[in-house]
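Peer 1: Below: one structure in structure tokens.
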Amino acid sequence: MSPPIDLDRLLKLRLVIGRFGEMDLAGWWNTREQLGALGADVLSRGFPRTHHFAQARSVFAVAAHRCAEVFDPLQCVTLWRLPEEIEEQFDTQWEHWLDYAADWHPFFKQLESLPGTDLAAILKSLELVDGRDLESFARLRRSAEGRAVPLPGVFASTDADVTLLALGFARAEKGALAVPYARKGGA
């Protein structure tokens with residue numbers, strides 16, 4: 001049995017990819033600065049304590065929908081559609097994050113102005129990837145039609161697998177989304 005996924009880390013990975021994919025940066029999904037300062041200003045009026053998480057929910061929904069439009073493989077997982085047990089754990093953890101929303105404020109502040117346009121370098125600067133992750137990433141390639149980034153092997157529900165699903169987005173180009181995916185076991 002593999003160790004459980006680090007849900008805080010998964011949230012951070014989704015937040016970075018969600019922010020990076022917005023129209024004012026990579027242009028992969030139709031949100032603009034929702035996870036940036038503009039989104040914080042707008043939503044903090046209605047959700048003074050938990051606005052960052054309202055921002056996140058919105059961008060996550062749009063990103064998941066856009067990724068499914070571009071590439072929606074059967075019997076596979078993506079960063080936005082992990083196995084049901086992981087998604088259930090993630091949803092359960094959401095209430096805990098809301099209870100401690102102030103603890104997340106510094107990370108959300110970092111998202112407002114990501115350092116550069118190299119997604120892999122951004123993830124490294126935020127200490128979400130390490131040298132081993134970058135070595136695995138170096139072997140990833142976009143599919144022939146350019147809409148997907150297949151991960152090798154079968155998804156084993158590890159932090160390394162989730163990290164590679166996030167890093168795989170760095171194989172996409174500005175305005176040209178390529179969705180990283182991994183096959184489920186038995187698929």
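The values are calculated or read from the model by the stated rules, or taken from the named source; none is laboratory data. The structure displayed is predicted, hence computed values, not measured ones. Glycine gets a Cβ as well: all are built from the backbone with ideal geometry, and neighbour counts include every protein chain shown.
Peer 1: Working only within region 63-86, note down all residues that are in contact (Cβ under 8 Å) with a residue 60 or more places away in the chain and among the basic types (Lys, Arg).
Peer 2: Arg66
Peer 1: Where the second residue is among the hydroxyl-bearing types (Ser, Thr, Tyr) and in a helix (DSSP H, G or I) and the first is closer than 20 Å to Met23 by Cβ and lies in region 103-127, which pairs have Cβ atoms under 7 Å and are six or more apart or on separate chains?
Peer 2: Short answer, once both residue conditions are applied: Pro115/Ser125.
Peer 1: A follow-up question, please. So which residues in region 134-154 are crowded, with 19+ Cβ neighbours inside 10 Å and either at pLDDT below 95 or assigned to a helix (DSSP H, G or I) (or both), if there are any at all?
Peer 2: Listed by number, the list holds a single entry, Phe137.
Peer 1: Does any residue of region 36-54 turn out to be at pLDDT 90 or above and either hydroxyl-bearing (Ser, Thr, Tyr) or within 20 Å of Leu123 (Cβ to Cβ) (or both)?
Peer 2: no
Peer 1: State the number of residues belonging to region 107-123 that are closer than 21 Å to Ala56 by Cα and either of a type in the set (Val, Ile, Thr) or surrounded by 14 or more Cβ atoms within 10 Å (Cβ to Cβ) (or both).
Peer 2: Qualifying residue count for the region: 11.
Peer 1: With respect to Leu111, determine if the residue is farther than 16 Å from Leu165 by Cβ and in a helix (DSSP H, G or I).
Peer 2: Values: farther than 16 Å from Leu165 by Cβ: yes; in a helix (DSSP H, G or I): yes.
When the stated conditions are applied, Leu111 passes them.
Peer 1: Could you tell me whether region 170-179 includes any residue that is basic (Lys, Arg), surrounded by 17 or more Cβ atoms within 10 Å (Cβ to Cβ), modelled with pLDDT of 95 or more and not in a loop (DSSP other than H, G, I, E, B)? Spell out how you get there, then give the answer.
Peer 2: Pass one, region 170-179, residues basic (Lys, Arg): 171, 174.
Next, only the ones that are surrounded by 17 or more Cβ atoms within 10 Å (Cβ to Cβ) stay: 171.
Those left that are additionally modelled with pLDDT of 95 or more: 171.
Add one more test, that the residue is not in a loop (DSSP other than H, G, I, E, B), and what stays is 171.
Within region 170-179, one or more residues are basic (Lys, Arg), surrounded by 17 or more Cβ atoms within 10 Å (Cβ to Cβ), modelled with pLDDT of 95 or more and not in a loop (DSSP other than H, G, I, E, B).
Peer 1: Return yes or no: is Leu164 part of a loop (DSSP other than H, G, I, E, B), in contact with a strand residue (DSSP E or B) (Cβ under 6 Å, 6 or more places away or on another chain) and without any contact (Cβ under 8 Å) to a residue 60 or more places away in the chain? Working first, answer last.
Peer 2: Working: part of a loop (DSSP other than H, G, I, E, B): no; in contact with a strand residue (DSSP E or B) (Cβ under 6 Å, 6 or more places away or on another chain): yes; without any contact (Cβ under 8 Å) to a residue 60 or more places away in the chain: yes.
Against the criterion (part of a loop (DSSP other than H, G, I, E, B), in contact with a strand residue (DSSP E or B) (Cβ under 6 Å, 6 or more places away or on another chain) and without any contact (Cβ under 8 Å) to a residue 60 or more places away in the chain), Leu164 does not qualify.
Peer 1: Quick check on Arg132: is it of a type in the set (D, E, K, R) and closer than 27 Å to Glu84 by Cβ? Outline the logic, then answer.
Peer 2: Values: of a type in the set (D, E, K, R): yes; closer than 27 Å to Glu84 by Cβ: no.
For Arg132, the condition - of a type in the set (D, E, K, R) and closer than 27 Å to Glu84 by Cβ - is not met.
Peer 1: Same structure, new question: I need the full set of residues from region 73-92 which are surrounded by 13 or more Cβ atoms within 10 Å (Cβ to Cβ) and not polar (S, T, N, Q), in order please.
Peer 2: So the first thing to find is which residues in region 73-92 are surrounded by 13 or more Cβ atoms within 10 Å (Cβ to Cβ), and the list is 73, 76-83, 86-87, 89-90.
The answer is Pro73, Cys76, Val77, Leu79, Trp80, Arg81, Leu82, Pro83, Ile86, Glu87, Phe90.
Peer 1: In region 1-32, which residues are in a helix (DSSP H, G or I) and under 19 Å from Gln93 (Cα atoms)?
Peer 2: We begin by selecting, within region 1-32, every residue in a helix (DSSP H, G or I); these are 7-20.
Leu7, Asp8, Arg9, Leu10, Leu11, Lys12, Leu13, Arg14, Leu15, Val16, Gly18 - these are the residues of region 1-32 that are in a helix (DSSP H, G or I) and under 19 Å from Gln93 (Cα atoms).
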